Amino acid sequence: MNVPQTPGSRLDAYIDRYAARARAMTASEIRALFAVASRPEVVSLAGGMPYIPALPLDAVSSVVEKLVSERGAVALQYGSGQGAETLREQICQVMALEGIDAHPDDVVVTVGSQQALDLVTRIFIDPGDVIIAEAPSYVGALSTFASYQAEVVHVEMDDDGIIPEHLRNAIAAVEASGRRAKFFYTIPNFHNPAGVSLSVERRQEVLEICQRAGVLMLEDNPYGLLGFDGSPVRAMRADDADGVIYLGSFSKTFAPGFRVGWAVAPHAVREKLVLAAEASVLCPPNFSQLAVSTYLATQPWQEQVKVFRELYRERRDAMLASLEDLMPPETVWTRPRGGFYVWLTLPAGLDSKAMLPRAVTARVAYVPGTAFFADGFGSSSLRLSYCYPTPDRIREGVRRFAGVLEQELELRSTFGTGSGPEALGHHVDAPSPDLA
Ligand SMILES: Cc1ncc(COP(=O)(O)O)c(C=O)c1O
């Protein structure tokens, strides 16, 4: 075997050869625990996986079968770097539900919205550039930002989403340090992981703050159609076509297995995105795009989204009722009105990361809050997902979780508050994709 001549290490002979950007790409210690957490006896309140068994799999199967038999020569061929035109037209119709009036030319189809996050970061970020993001923020975005060596500045949220005053101050503080925030990354609807939404009243103010400061907004909206009350909220992109890049996805309204998402960007940015996409994957998979396109054209997809909404609403209700019944005093949590997640903050002195091995031993899993911060904060909080387990399993999971908390509180009263250091250095705690 050809072993490199440099020192390296016994585990990785190439340890001293990686690019600087690869140093931020480390598997977190919680990854190993999640391998255990995926065992059937564990109630996983950790994963953000859509409940695919609720899809009409027979209908999807006939869409795919027909696609191969009738249009296989196109579906199995390379396609355009920007994505299939018919699908881009359909994407515009989907976005019209949120008030967006876009042209198919403005749309770039991507390999999930995760690839769109990667492409946007690739074309805007040099090492050390600043990205403003909510506190907490989506773990997959933080991993991407870390891989391009961005500095993430977190801005506090409350039950109505990002606090405009804090956003203004954060932008000013970055400017005062002689730099400029390259973009503001936000998940305005049914936030992952916080479970809150940006209030309608705040949207205009947040837009104006970014416009005035010349900070591009990256509006990431995979859950917008999964609200439990009323119609979808108007996207910020609907009110600012030049200052906002909008990201969408079929992962939560249809199926993540197809890996079809998209970005809508101002014209010049869109051109760069397509060039970056071509350099990365040549083109998004034609097969997936045509399957999604045929599904949208031939199946009652909006009815299916309604089915998902009702299913997730029932699970949200089961989780909130169980938390209400079983959580000890001083525990607080958000009450999502859509999407997949509840953000829970523990009584003082408890550390969600330190507690996780004991929770997994008690056969329940969650994601510690530290995964959702670029700077090691978040140990007093955690994310609970209600999207995948049935209501009964959710109730059982919360019961087990409450048992773990009870033991932790006993320890706290015997030994005082745990160590739970907040600042743990710059490390992104990225769990595996099924936890995203
Ligand atoms: C906020 C957010 N953005 C982006 C993604 C990526 O989704 P996908 O690449 O499947 O479209 C996710 C997935 O969970 C998410 O929660």
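Some points to look at:
- Extent along principal axes [Cα atoms of the stretch 1-134; Å; largest to smallest]: 55, 44, 41
- For Lys252, a cut-off of 20 angstrom between C-alpha atoms picks up these lysines, skipping any fewer than 8 places away in its own chain: Lys306.
- Between Arg17 and Glu41, the FRET efficiency from the beta-carbon distance, with R0 = 35 Å, is close to 0.25.
- Alpha-carbon geometry of the chain: the Rg and the Dmax are 22.0, 70 Å, given in that order.
- Value of Rg to Rh for the stretch 254-402 (Rh from inverse mean 1/r over Cα pairs, i.e. Kirkwood): 1.08
- Taking label positions 7 Å along the Cα-Cβ direction at both Ser69 and Glu310, the computed distance is 3.1 nm, reported to one decimal.
- 20 Å cut-off, amide nitrogen to a point 7 angstrom out along Asp239 Cα→Cβ, residues in the stretch 193-213: 196-213
- Counting DSSP beta bridges with both ends in the chain, the antiparallel % (nearest 5): 50
- Three principal axis extents describe the C-alpha atoms of the stretch 143-231; from largest down they are 44, 30, 19 Å.
- Within the stretch 173-317, the percentage of alpha carbon pairs spaced more than 20 angstrom apart rounds to 57%.
- Here is the tail figure for the stretch 83-235: Cα pairs spaced more than 22 Å apart come to 43 percent of all pairs.
- Convex hull per residue volume in Å³, alpha carbons only, for the stretch 132-174: 54
- Sequence ranges 212-224, 160-172, ranked by mean other-Cβ count within 10 angstrom, highest first: 212-224, 160-172
- Per-residue extension of 0.36 nm, minus the Cα-Cα distance of Leu282 and Arg179, leaves a gain of 33.7 nm for this segment.
- Computed over the chain, the per-residue total of -39500 (n - 2.57) for DSSP H runs of n ≥ 4 gives a 222 nm mean residue ellipticity of -13000 deg cm²/dmol, rounded to 500.
- Reported to the nearest whole Å, the Cα centre-to-centre distance from the stretch 343-366 to the stretch 32-58 is 19.
- Spherically averaged projected area of the stretch 328-385 from its Cα convex hull (nm²): 4.4
- Loop-located chymotrypsin sites (Phe, Trp or Tyr not before Pro) in the stretch 12-113 (DSSP state not H, G, I, E or B) with no more than 14 neighbouring Cβ atoms inside 10 Å: Tyr14, Tyr18, Tyr78.
- For the pair Glu303 and Asp229, label points projected 7 Å from Cα toward Cβ lie 2.8 nm apart.
- Loop-located GluC sites (Glu not before Pro) in the stretch 315-411 whose Cβ has at most 15 other Cβ within 10 Å (DSSP): Glu330
None of the figures in this text is laboratory data; all of them are computed from the coordinates on show. Note that the structure is predicted; figures quoted are calculated from it, not measured. So basically every Cβ, Gly included, is an ideal-geometry build from the backbone, and we count neighbours across all protein chains shown.
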